1. For the list (1) at positive phi; (2) crowded, with 18+ Cβ neighbours inside 10 Å, I need the number of the one condition that G90 fails.
2. Looking at the range 45-60, can you tell me whether even one residue there is touching a residue at least 12 places away in the same chain (Cβ under 8 Å), touching a Cys at 6+ places or on another chain (Cβ under 6 Å) and part of a helix (DSSP H, G or I)?
3. Just one of the numbered conditions (1) assigned to a loop (DSSP other than H, G, I, E, B); (2) surrounded by 19 or more Cβ atoms within 10 Å (Cβ to Cβ); (3) under 25 Å from the mean Cα position of the chain (by Cα) is not true of D11; which one?
4. Take the range 160-204 and flag every residue that is within 21 Å of A253 (Cα to Cα), in a strand (DSSP E or B) and not aliphatic (A, V, I, L, M).
5. From R128, R69, grab the single residue that is assigned by TED's automatic domain parsing to the domain that holds A159, modelled with pLDDT of 95 or more and among the basic types (K, R).
6. Can you tell me which residues in the range 25-44 are of a type in the set (A, V, I, L, M, F, W, C) and touching a residue at least 60 places away in the same chain (Cβ under 8 Å)?
7. What are the pairs with Cβ atoms under 8 angstrom where one residue, in the range 96-117, is touching a residue at least 40 places away in the same chain (Cβ under 8 Å) and the other, located anywhere, is charged (D, E, K, R)? Sequence gap at least six, or different chains.
8. So P28 clears everything in (1) more than 16 Å from G70 (Cβ to Cβ); (2) touching a strand residue (DSSP E or B) at 6+ places or on another chain (Cβ under 7 Å) except one condition, right? Which one?
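The values are calculated or read from the model by the stated rules, or taken from the named source; none is laboratory data. Nothing here was measured: the structure is a model prediction, and the numbers come from that model. Methodologically, a virtual Cβ is constructed for each residue, glycine included, from the backbone with ideal geometry; neighbour enumeration extends over all protein chains shown.
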Amino acid sequence: MPRIHIQNKADDLESKITPELWQALGGPEGASFAEDEAGFRAGIADAAYLITATSALRPYRALIPGQLRGIFCTSAGMDSIAPFDWLPQGTMLMNNSGVHADRGGEYVAMALLMLRQEMPAMIAAQQRGVWEKHYTSVLRGCTLVSIGTGALGAAGARAARLFGMKTIGVRTKAEPHPDFDRVVAAADLDSVLPLAEFLLLAAPLTPQSQNILDARRIALLPKGAGVINIGRGALIAQDALCDALDAGALGGAVLDVFSPEPIPPGHRLWTTRHLVITPHVSADDPAIYASDSVKLFLENLAAIERGETPPNLVDISKGY
């Protein structure tokens, strides 16, 4: 069995992979564990696979040896370690896409209900000390457009369908997806934005997707639309979104990701009208994150050992 090195961050309180957890889940014997550079250098020297978070990997990219067969990141987004010119030729890069789906789907369900019931406006009224009634309708029959049809986007679509909503997915190619009633290519995004009573951003951040929701596209959304972002902050032109919210062109937004993070004190996001902020917590469940990541790695390792393509292999030409 190939030897595996696991690099944790010393201050990681949510997704640390401990020797005890590794053993309990049936991880191969002989794995090494470290939290600092010295431990990384020692552990990686003769390892075949590395398991680590992108934030833990970032400082050590130049130290990756050529013999490494694969790197499994306990993160779904790869933008923080791009470009991939540091990756040795022949070394596979994998992510943990799928681990976030259940938690992310519940977050989208929460956000859809909050936006449909105009909770951002009622929270604002409460803060002003004003008794202000908002009578709203059910979600049934409304349309959710999701930019991104991967694990998070699909989970959001499944949540929407529980409420009887219509779902439209936007992906690189207009290939059918079981969780969406309709799928369009990214090149045709503008054609479906006027239908988006609710817009979900759940795409990876790449040069092509950066600011995909710019001022022009925000203007294509129907008046009163709700926006949810669980992808990356840089998918949205934030100032343009704040302008639309403050002007009342949009009904509200629930955002979990921002650019930059954390949001600096005094930033206009803190006081933008009808905006609900959560601090990048939408899809992580500390109770199961590490264990689910290990299980997913072991599934990918088994596929590799069978001579198959690992299901979580990252296409570095696309960045996800």
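1. (2)
2. Yes, the range 45-60 contains at least one residue that is touching a residue at least 12 places away in the same chain (Cβ under 8 Å), touching a Cys at 6+ places or on another chain (Cβ under 6 Å) and part of a helix (DSSP H, G or I).
3. (2)
4. Answer for the range 160-204, where residues must be within 21 Å of A253 (Cα to Cα), in a strand (DSSP E or B) and not aliphatic (A, V, I, L, M): K166, T167, G169, F198.
5. It is R128.
6. Taking the range 25-44 first, the residues of a type in the set (A, V, I, L, M, F, W, C) are 25, 31, 33-34, 38, 40, 42, 44.
Within the range 25-44, just L25 meets the criteria.
7. Between residues of the range 96-117 that are touching a residue at least 40 places away in the same chain (Cβ under 8 Å) and residues that are charged (D, E, K, R), the close pairs are N96/D292; V99/D292; H100/D284; D102/D285; R103/D284; R103/D285; G105/R158; Y107/D256.
8. Here P28 clears every test but (1).
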